[in-house]
Amino acid sequence: MTGRSAVSAVKAALKSQAVETPSWAFGNSGTRFKVFAQKGVPRTPGEKLADAARVHAHTGVAPTVALHIPWDRVDDYAALGAHARDLGVRIGVINSNVFQDDDYKLGSVTHPDPAVRRKALAHLLECVDVMDATGSRDLKLWFSDGTNYPGQDDISARQGRLAEALAAVYERLGDHQRMLLEYKLYEPSFYTMDVPDWGTAYAHCLRLGPRAQVVVDTGHHAPGTNIEFIVAVLLREGKLGGFDFNSRFYADDDLMAGAADPFQLFRIMYEVIRGGGFTPDTAFMLDQCHNIEEKIPAVIRSVMNVQEATAKALSVDAEALAAAQRTGDVLAANAVIMDAFNTDVRPLMAEVRTELGADADPVAAYHASGYGEKIVAERVGGTAAGWGA
């Protein structure tokens, strides 16, 4: 492939990319110590969709918005889906919430009380109803379930309860729908999490069938974990359903994607591309809480960081890398990777965005648009979206 044709192929791939934004990233958020409220944040799911549509307008690659139920509960989900389409976006992944009710103190679907388990399962099935109404393909499940102390509950029995609930939800899915199971090493439970790692998630998904897939949240691992290895293995096994992109320094920080370790994001995207995962079957989602920074520009910046990591990963000289690997030339192989990572792809991304009809510099375009000032002036009164801490 010549230099010009190679650039054309990279640009075509970048134009096909889609990064899903999360509705909750536009609301007030914080830590367990404090939530810092901002002016102009959305008060309704419709206003969240408007902000997400603004991100898509400036970047050209954020056409879907993930919802979180009950945070985004409305009376008419079909109407909400139509409203999204009117704004130029679509409803994406539906996220369940079985971690904020008092009943879930000791777990949700793994709770020792059958009544609590029934309540949690009913909510998960409600989320499938929302999928039906909005036309969503994916249901994302994350469970805070676990224990804090040895002996608190039977570890194996909790796995059985989890499997039973997952099977019931899987049976309810339509033929075109998928279940994405997320894992997290720790928090809010500190002795055991019932889905603590990719192996546990993979085992449950393997038992369920082809429409059960694993989600990799980049903030949900122990320090030093080789996430790209996990990605490579899940791709080999046909079980990588998607990502929740964010950055972490210490724990589940939910910072902007690529902020803490852009090299890691590049390595992950390289494995995605090399393993054949750069397709619509892999959901590339953001899962972030912008606690101190302005919401919409922060989401735009995350989308741009994912784009740039992808562009660098697409620029890896596959032939040169394969040749170095065959001959055992360690330094040459590493140099191929580092050359791609050190490439300044910003001019290329500006061209891609312009050709998509978006903005060469999305952040600057957002600030010049006056949208931020407009929503501060308009969104007065009511209750701002977010969560208390």
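Summary table below
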{"quantity": "Failed condition for VAL130, given (1) in contact (Cβ under 8 Å) with a residue 60 or more places away in the chain; (2) closer than 26 Å to VAL231 by Cβ; (3) not in a strand (DSSP E or B)", "calculated": "(2)"}
{"quantity": "Unmet criterion (only one of (1) under 19 Å from TRP71 (Cα atoms); (2) modelled with pLDDT of 95 or more; (3) buried (at least 21 other Cβ atoms within 10 Å of the Cβ); (4) touching a strand residue (DSSP E or B) at 6+ places or on another chain (Cβ under 9 Å)) for GLY40", "calculated": "(4)"}
{"quantity": "Every residue from the stretch 18-34 that is closer than 22 Å to ASN95 by Cα and of a type outside the set (Gly, Ala, Ser)", "calculated": "VAL19, GLU20, THR21, PRO22, TRP24, PHE26, ASN28, THR31, ARG32"}
{"quantity": "Filter result (touching a residue at least 24 places away in the same chain (Cβ under 8 Å) and open to solvent by 40 Å² or more (accessible area, probe 1.4 Å)) within the stretch 319-340", "calculated": "none"}
{"quantity": "Among the residues listed as SER8, SER29, SER23, the single one being open to solvent by less than 10 Å² (accessible area, probe 1.4 Å) and at pLDDT below 95", "calculated": "SER29"}
{"quantity": "Helices (runs of 4 or more DSSP H) within the stretch 344-389 that include 1 or more residues of a type in the set (Ser, Thr, Tyr) and open to solvent by less than 30 Å² (accessible area, probe 1.4 Å)", "calculated": "362-369, 371-378"}
{"quantity": "Single unsatisfied condition, ARG54 versus (1) modelled with pLDDT of 95 or more; (2) basic (Lys, Arg); (3) assigned to a loop (DSSP other than H, G, I, E, B); (4) closer than 20 Å to ASN291 by Cα", "calculated": "(3)"}
{"quantity": "Single residue of the stretch 11-20 satisfying the filter (farther than 17 Å from ALA298 by Cβ and among the charged types (D, E, K, R)) that is least open to solvent (accessible area, probe 1.4 Å)", "calculated": "LYS11"}
{"quantity": "Scan of the stretch 356-387 for residues that are closer than 30 Å to GLN100 by Cα and either hydrophobic (A, V, I, L, M, F, W, C) or touching a Cys at 6+ places or on another chain (Cβ under 9 Å) (or both), ordered by number", "calculated": "ILE375, VAL376, VAL380, ALA384, ALA385, TRP387"}
{"quantity": "Filter result (open to solvent by 20 Å² or more (accessible area, probe 1.4 Å) and either closer than 23 Å to ASN95 by Cα or in contact with a Gly (Cβ under 7 Å, 6 or more places away or on another chain) (or both)) within the stretch 237-253", "calculated": "GLY238, ARG248, ALA251, ASP252, ASP253"}
{"quantity": "Near pairs, Cβ below 7 angstrom, 6+ apart or cross-chain, from the stretch 369-389 (over 16 Å from GLU293 (Cα atoms)) to any residue that is surrounded by fewer than 16 Cβ atoms within 10 Å (Cβ to Cβ) and at pLDDT below 95", "calculated": "ALA384/ALA37; ALA389/THR31; ALA389/ARG32; ALA389/PHE33; ALA389/LYS34"}
{"quantity": "Residue in the stretch 78-86 that is assigned to a loop (DSSP other than H, G, I, E, B) and either open to solvent by less than 10 Å² (accessible area, probe 1.4 Å) or at pLDDT 95 or above (or both) present", "calculated": "no"}
{"quantity": "Qualifying residue in the stretch 146-158 (condition: within 13 Å of ASP194 (Cα to Cα), in a helix (DSSP H, G or I), open to solvent by less than 50 Å² (accessible area, probe 1.4 Å) and among the aliphatic types (A, V, I, L, M))", "calculated": "yes"}
{"quantity": "Counted residues, the stretch 177-236 - those being part of a loop (DSSP other than H, G, I, E, B), of a type in the set (S, T, N, Q) and open to solvent by less than 20 Å² (accessible area, probe 1.4 Å)", "calculated": "3"}
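The values are calculated or read from the model by the stated rules, or taken from the named source; none is laboratory data. None of the values given here were measured: they were computed from a predicted structure. Using ideal geometry, Cβ is built from the backbone for each residue, glycine included, and neighbour counts are taken over all protein chains shown. Just the protein is used for accessible areas: all its heavy atoms, side chains included, with ligands, DNA and RNA removed. Shrake-Rupley method; radii C 1.70, N 1.55, O 1.52, S 1.80 Å.
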